[in-house]
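Please treat every number below as a calculation from the coordinates, not as lab data. All values reported here derive from a predicted model rather than from experimental measurement. Every residue, glycine as well, gets a Cβ built from its backbone with ideal geometry; the counts of neighbours run over all protein chains shown.
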Amino acid sequence: MLDSCRSFYALRRARSPMLRRIGFFASALLFLGAHAAAEPKAAVLITGSSTVAPLMVEVAKAFEKAHQGARVDVQTGGSARGVSDCRAGLNQIGMISRDPKPDETDFRAVRIARDGLAFIASPDAGVSGLTHDQILSVYRGTVTNWRELGGKDLRIAVVSKAEGRAALELFMAKFGIKSSEIKAQAIVGDEEQAIKTVTATRGSIAYLSVSTVAQAVGRGAKIVPLSYNGNSPTIAAVRSGVYPLTRFLHLIDCGKGTAASKAFLDFVVAEAGQRFIEENQYIPL
Amino acid sequence: MADYLSRLSVRGLGVHYGRRCAVRNVSLEFSGPGITALVGPSGAGKSSLLLACAGLMGDVPGARVDGEVDPGDSGVGIVFQQPLAFPLSIAMNVGLALRERGRSATDVDARVALALQQAGLWTEVKDRLRESATRLSGGQLQRLCIARSLALAPSFLLLDEPCSSLDPMSAKVVENTLRELSGSIHIVIVTHNLAQARRLSNRMIVLWDTDGGGSQVLADGPTETMFREPPHELVKLYLDGQLG
Amino acid sequence: MRYLSLFSLGLFLLFAVSMLIPALRELPRALDAGYLLGVPEAMGRAGGIGPMLFSTLLINGLALVMTVGLGLPLALFLWERGDRVARHSLQRAVILAIDLLAGTPSIVFGLFGSIFFCRILGLGYSILAGAATLAVMTLPLFARLALDAMQASPAAYRPLARSLGLGRRTTALRILIPSVWQGLVAAVVLSWARATSEAAALLFTAGYATRWPESLLDSGRALPVHIFDLAMNVSGGDAMAQRAALVLLVLTTVFVVVCRKFMQGVAQWQIT
Amino acid sequence: MSSPRLVNASLKKTSTSRSDLVYSGSLVLAAGLALASICAIVAFVLIEALPFFRAASWPEFFFSPAWFPGESRFGAAALLVGTLLVVLGAIFVAVPIGISAALALVFYLPQALASRTQAVVEVIAGVPAVVVGLFGLTVVVPLLAGVVPPGLGLPAASVTLGMLLAPQLIVNAAETFRAELPELLRVARSLGISRETVILHLVLPQRLRILIGSSTILTGRAIGETLAVMMVAGNVIQFPESIGSSVRTLNATIALEMPYAEGIHRSALAALAALTFAVVLALRAVVPGQARR
């Protein structure tokens, strides 16, 4: 603080008008900041996966409406941050867009929504479904032209996900392939980037979450959802358990939560919360 | 202006730029009103001597000064060859140094008016003092620089080729200004224009680097005797315009 | 030469305008009070961007004050040493650090901010932490541009001011700054443009909250973060992302115009 | 106008006055605070990267192209090459267009139009990286897909990043060209020199030195820009075989993986950020005139 007083003092004494104006403006803001410091902090802080965050903001709003005075703040930063913040007690609830790893037993993972792994291709590929082995050969780079899969004569542009992403981990688990074995032409991060990359690249194939694909197809995006071993990746198929490649979105509680955070967890899993999840085009339990 | 006999004495002055020696062991005395012309071939260190007398050598990178320049407690003003106005109004250009010293506004305005009068610029600018100084003409700008130095009431005013970038008309106006000022303060003018030196100065100093080891005072005396009986062969050739 | 340069200016403007077409298409719906002041709904796919706009103004206003408040003295500090910059080790170290910072990805600033400002200084996810992080991020850019502007001013001012016995403060504030105010305006505007278009750094510091911030210590989602989220995490969010981007551009345009008028006025006032 | 008797002594140049001391005091303090914040970040990156540097094998880090944190293989070679190629590509796009656009702005446009155009360019500098990235992905990539399949890759990244850097370069260059321009043009007109000669012989040689000096901040920004590049570069970890193949930069890796990185992987990403510093230093050393400015 000493420095801002000194520079403020110097500025105020500086006869040049411009600097005096900046000095005045700076001190007013600092005063506003100090006065505001007394505000109460958020009751429930949720951090974690950016895929789940948009949904949680809406659910949090509904929760605040249902429980006057409660206050829920949602922050992003990725699944890893959701876990580390939770363990460090920096948040009350963590968000992860994957099933907990076998060694992750030090926290309670609450399933809040379903999701599945869907494969999509660009329309000019001319294919509507692939088998497990076909997908494996495409991602291993042994098959490089759609013609070999019954599609048009077009080079396959394989799109995969970046390290650590839940979809990649699910893909590696279900297909028993290591990330170093994947021969991709493009690697994307978030879901929407996958959709846009496929629409922009001829003959491309990618994997991402079923709900994103359902919403994109609903909006008329230029992508073709591929059936997996004959199962088409629809929200109904995942909800009914027919679709084989599924995962759950979780909220995690490391035992450092407050009464409000416990109430929030129950709210999300309860009827009202699930209806809300469905309204926002995610797949309820 | 100066109400008692001020004295600017230079003793054993040397100016070195790295290994090259520009000025070697120069001792001079300037006192009382009058105009001294400092002449000599270009590159003879005239400007370095002037800068040293104004105490500005510290600013020049790589320059080393030995010997002593003692202005006593009288002010030394300097006007550089390239006239340059601050990005401020005419009044502010002249009065900035005074305002910084905390003089009252009325005192500053009075002094600015006086300085502009002494520089012979007052009549031309007295009703546009608030305008930006960058719109003045070459001759006006040079006189503004002179006024700027005069505002600090120096006893000595050093000018580095004041009229070199001016048209003849403006040069004449500046010369008349200097002639009037020389009644009250001591002016040292560096010039290549020997006719101007003869017209203006009552004393002439010839600076020459005879042996390549740095310029020294070749001749120093009244201007007329310098022209009529040059004390040194080189000076005679120089004054006839064959050398330098 | 004439046609080549005019052609490249035209090429750049063509690229820039076609980049903005999706955003410009949203113009009628963007300049509507309900949208500008309303609260977002359905993950941002509907409703307004009131809280984001307010957070953006707060964060970037504060950040600019800090950037100029620290950047201008830093640039003056470097300019004071003037020609000896090359040799003076401290100045060379400063310019080196400035260049390093310019090369640092903005996500690293976000992480630094989240650890230093949010956790160590205890500001948590807040407007103040976001503003401080932005300030630290744009400081090098502003200091460097301001220094370049100052070094473009006539070199003869320095000995001239010294010959008149002017102090360092007067030389800097009354002579140097007025003579390069155009360069300084450009530096302020470019720093503002760099800061207001930043999303990654704010994601971890100012946070993601979409409610109206009540104080500087409240988390507030800035507009670029909102745009990033809509484009990257919300399916069908593109149109709203472009609309928000248009609002951000209008904000920057207003700032550019105001900045030029303000500085012109000051410069005019300064010389009298 | 009576001429007051001026006593010389009172106007002698005073030593540094009190306001000067306060001024340079606050200058040093603010500069110190700014410097401290700058060094804090450099230190933060190095401290975060320390655990990785202690544990990792250096040859693998610098020479192996295999970056697979899941299998704890941390080879950054391909990422380094990716960054260098994208930065050089972006400069190859931004500098010619930027400099000549700035020349057009300063020399060939009437003053009123020039200042309004420069204002537009300054606004374009404020376009969020997401919008540029989206434009890159939806327009630039399909356009290039025909020329250099598959579209995503080095050319798309260079064009997109180049256009992201251009506004800042244009404004910076225009301001630098505009300095001391009126006298230059006056002299040129008086000697009948054509505008082109003024540019080629008077303005460019002298001003280019300043521009080169400040170009390191441009290359810095090119290295620092993450999002727009990440969307169009393809991000495949490989030494690019052809001009059109996909590349991944150091920063794209940090941005893609940081939210999902834990422990040694996170420290490895900080090591990549430290590597970015090394690249900035290397580029600075290559650019002449930087130290002597």
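Can you give me the long-range amide H partners of B:A219? Hydrogens built in the peptide plane at 1.01 Å from N, cutoff under 5 Å, separation of 5 or more residues or another chain.
Counting only residues 5 or more places away or on other chains, the set is B:V206.
Would you mind classifying chain B by shape? Square roots of the alpha carbon gyration tensor eigenvalues, ordered a ≥ b ≥ c; an a/c under 1.5 is rounded, otherwise it is prolate if a/b is larger than b/c and oblate if not.
Because a/c hits 1.5 or more and a/b exceeds b/c, chain B counts as prolate.
For the protein assembly as shown, with the dipole built from +1 on Lys and Arg beta-carbon atoms and -1 on Asp and Glu ones, taken about the Cα centre, which of A:G78, C:L20, D:A268 lies farthest toward the positive end?
C:L20
Give me the distance between the Cα centres of the range C:232-251 and the range C:119-152, rounded to whole Å.
25 Å
What do you get for the angle between helix D:77-103 and the principal long axis of chain D? Use alpha-carbon atoms, 0 to 90 degrees, nearest ten.
30 degrees
Helix D:204-224 sits at what angle to the longest principal axis of chain D, using alpha carbons and giving 0 to 90 degrees rounded to 10?
Relative to chain D, helix D:204-224 is tipped by roughly 40 degrees.
In a Gaussian network model over chain A where Cα atoms closer than 10 Å are linked, find which of A:A121, A:A270, A:A206 has the largest mean-square fluctuation.
Judging by the Gaussian network model, the answer is A:A270.
Measure nothing fancy, just the Cα-based angle from helix A:191-200's long axis to the longest principal axis of chain A, in degrees from 0 to 90, nearest 10.
So the helix axis and the longest Cα principal axis differ by about 50 degrees.
In debye, nearest 20, what is the charge dipole magnitude of the protein assembly as shown about its Cα centre with +1 on Lys and Arg Cβ and -1 on Asp and Glu Cβ, if you could check?
So the magnitude is around 1360 debye.
Considering only chain A, what is the antiparallel percent among its DSSP beta bridges, to the nearest 5?
Bridges in chain A that DSSP calls antiparallel: roughly 60 percent.
Only Lys, Arg, Asp and Glu count, each charged at its Cβ (+1, +1, -1, -1), so figure out the dipole size of chain C about its Cα centre, rounded to 20 debye.
1000 debye
What is the distance in Å between the Cα centroid of the range C:1-62 and that of the range A:86-121?
Centre-to-centre distance over Cα atoms comes out at 35 Å.
So what is the relative contact order of chain A, in percent, for Cα pairs below 8 Å that sit 6 or more residues apart?
25 percent
Kyte-Doolittle mean at least 0.0 and Cα extent at least 15 Å along the axis: which DSSP H helices of chain B qualify?
Answer set is B:90-100, B:105-118, B:138-150.
Nearest 5 percent is fine: what portion of the DSSP beta bridges confined to the protein assembly as shown is antiparallel?
Antiparallel bridges make up about 60 percent of those DSSP assigns within the protein assembly as shown.
The range B:154-177 to the range D:16-57: how many Å between their Cα centroids?
Taking the Cα centre of each part, the range B:154-177 and the range D:16-57 sit 50 Å apart.
Would you mind checking the range A:145-162 for residues with the amide N under 17 Å from a putative spin-label position 7 Å along Cα→C-beta of A:S137?
A:145-158
Taking the beta-carbon count within 10 Å as an exposure proxy, list C:L14, D:L27 from fewest neighbours to most.
C:L14, D:L27
Can you give the extra length, in nm with one decimal, that the chain gains between B:R199 and B:N25 once fully stretched, where that is 0.36 nm per residue apart less the Cα-Cα distance?
That pair, B:R199 and B:N25, stretches by 59.7 nm at full extension.
Order these by the 10 Å Cβ neighbour count, fewest first: C:L217, B:L144.
Ranking C:L217, B:L144 by Cβ neighbours within 10 Å, fewest first, gives C:L217, B:L144.
Using the 10 angstrom Cβ neighbour count as an exposure proxy, how do C:R211, D:R195, C:R29 rank, fewest first?
C:R29, D:R195, C:R211
Compare the Cα positions of B:L8, B:S42, D:T219 along the charge dipole of the protein assembly as shown (+1 at Cβ of Lys, Arg; -1 at Cβ of Asp, Glu; about the Cα centre) and return the one farthest towards the positive end.
B:L8
Which residue, A:Q193, A:L130, A:A221, has the largest displacement toward the positive end of the dipole of chain A when charges sit on each Cβ (Lys, Arg +1; Asp, Glu -1)?
Farthest along the dipole direction, towards plus: A:Q193.
Over chain D, what is the relative contact order in percent, taking alpha-carbon pairs closer than 8 angstrom and at least six residues apart?
So the answer I get is 26 percent.
Of the residues D:E71, D:E48, D:E122, which exhibits the maximal mean-square fluctuation in a Gaussian network model of chain D defined by a 10 Å Cα contact cut-off?
Maximum among the listed residues: D:E71.
Hey, what did chain C get for relative contact order, percent, Cα under 8 Å, at least 6 apart?
27 percent
With equal scatterers on the alpha carbons only and no solvent term, can you work out the Debye log10 of I(q)/I(0) for the protein assembly as shown at 0.04, 0.05, 0.07, 0.10 1/Å?
-0.27, -0.41, -0.71, -1.18
Identify which of D:S26, D:S215, D:S245 has the largest mean-square fluctuation in a Gaussian network model of chain D, with springs joining Cα atoms closer than 10 Å.
Result: D:S26 has the largest fluctuation of those listed.
Apply the Karplus curve 6.51 cos²θ - 1.76 cosθ + 1.60, θ = phi - 60°, to the phi angles in the range D:121-128 and return the couplings in whole Hz, x for Gly and Pro.
Calculated HN-Hα couplings, in order: 5, 5, 5, 4, 4, x, 5, x Hz.
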